[in-house]
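Enquirer: Handing you a structure now.
Read-outs: derived from the displayed coordinates by stated rules, not from any lab. Since the structure is predicted, the reported quantities are computational estimates derived from the model, not experimental observations. Don't worry about glycine lacking a Cβ; one is built from the backbone with ideal geometry, like all the others, and counts go over all protein chains shown.
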Amino acid sequence: MRSICVVTGTRADYGLLYWLLKEIKSSKDYRLQLVVTGMHLSSEFGLTYKQIEQDGFNIDRKVEMLLSADSDSAITKSMGVGLIGFADCYAELNPDLVVLLGDRFEIFSAATAATVAKIPIAHIHGGETTEGAFDESFRHSITKMAHLHFTSTETYRKRVIQLGEMPQQVFNVGATGIDNIKNLTLLSREEFENSIDFKLRRRNLLVTYHPVTLEDSTAEEQFGHLLSALDTLEDTGLIFTKSNADTNGRVINEMIYTYVTSNADKAISHTSLGQLRYLSAMQYVDAVVGNSSSGLLEAPSFQIGTLNIGDRQRGRIRADSVIDCGYSKKAILDGLQTLYSDSFQSTLKDVKNPHGEGGVAGKILNKIREQSFENILKKTFHDIQQ
């Protein structure tokens, strides 16, 4: 049996990998090796590795790498610690293939160590752009280290090929998050309210905001404008999910804590809702507000709006349900006004998600099955003919 090593570093990428993990685990052809790192192992971010174990997965290795700070230098040092940890991890597990999703610094460390160890990499969600985050550079770098590529749209597939990857090893399979929407039995309204200990209002918003890592010291100002705009809304419930372990992420999380403490009658926050509660929330809110990729990848499948603030997701393909706005309080208020307008609300029933219809986990594993691993490490740069 070949061993497939899957690495997860955040609550978000675990949710996106969940059904692929189940496919590999139940397969007769492959042995699943699961490695957790990053925020999963941090008490500050909810020790979410425990949820992975509760879901029935055995964790083969834990790679500690997060430092207790979110400055640029701390993130860089965390990447270095991660390289050391993954070097030992791969030496012990000796996998035949490493599966990595996305663009975060934890995954960049995992990819770099696998490249040096001469282990083939399968990369999910390559070819995308997020112009406001240094994740953009990490993602394309991981693409160049990877050997198999699974993209969420045809446009992204073409971009990976544009980066020089062989077309026969680049596959458009759709967004992995759609599998959760199709396969999970989501919570009823009462079950959801009980699970978060919060009574929904007439109007409700799911707020997820992360630092724009390519800009200097803007997190506090930008998020302050968002809170100020949200504070003007009447009879509106606010469900906050906290920021990732990015540069200045702790600034945002402290501001969420202060706001919710002062507005407990209308706002609640969670370090991690988990996929079931997060997707269940989308059934009952009017929109996803902030700059999370979930507003572009998953929210359109619920035919709800997304108010996408600023540059973090600039360049990503989006459905007609996404409203883009600037950072200022006025820009956000204008966006909210558009969101709740009758003309915009009437368009949502016809929204189509451009990231596919699901079944992604099965497609990925089937494509892996078709591959011969004999010469997969011999990479050739594919030149596009002009």
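Enquirer: What are the residues in segment 173-230 that are on the phi > 0 side of the Ramachandran plot and among the hydroxyl-bearing types (Ser, Thr, Tyr), if any?
Expert: Correct list: SER217 only.
Enquirer: Could you check how many residues of segment 10-33 are within 19 Å of SER152 (Cβ to Cβ) and not acidic (Asp, Glu)? Spell out how you get there, then give the answer.
Expert: Within segment 10-33, the first condition is being within 19 Å of SER152 (Cβ to Cβ), and the residues that meet it are 10, 12-21, 23.
Adding the requirement that they be not acidic (Asp, Glu) leaves 10, 12, 14-21.
Within segment 10-33, residues that are within 19 Å of SER152 (Cβ to Cβ) and not acidic (Asp, Glu) number 10.
Enquirer: Just one of the numbered conditions (1) part of a loop (DSSP other than H, G, I, E, B); (2) surrounded by 16 or more Cβ atoms within 10 Å (Cβ to Cβ); (3) among the polar types (S, T, N, Q) is not true of SER269; which one?
Expert: The number of the failed condition is (1).
Enquirer: What's the total number of residues in segment 75-125 that are over 11 Å from MET145 (Cα atoms), more than 23 Å from the chain's Cα centre (by Cα) and either of a type in the set (A, V, I, L, M) or surrounded by 20 or more Cβ atoms within 10 Å (Cβ to Cβ) (or both)?
Expert: Qualifying residue count, segment 75-125: 8.
Enquirer: In addition: Of the residues ILE309, ILE323, ILE304, which single one is surrounded by 15 or more Cβ atoms within 10 Å (Cβ to Cβ) and free of Cβ contacts under 8 Å to residues at least 24 places away in the same chain?
Expert: None of the others qualify; the one that does is ILE323.
Enquirer: Here's something else I'd like to know. Checking ASP179 against (1) surrounded by 15 or more Cβ atoms within 10 Å (Cβ to Cβ); (2) among the charged types (D, E, K, R); (3) not in a helix (DSSP H, G or I), which single condition isn't satisfied?
Expert: (3)
Enquirer: Can I ask one more? Check every one of the strands (runs of 3 or more DSSP E) wholly within segment 1-109 and list those with 1 or more residues that are touching a residue at least 60 places away in the same chain (Cβ under 8 Å) and either at negative phi or not small (Gly, Ala, Ser) (or both). If you could, list the steps in order and put the result at the bottom.
Expert: Numbers: elements: 2-8, 30-37, 61-63, 97-101.
By residue number, 2-8, 30-37, 97-101.
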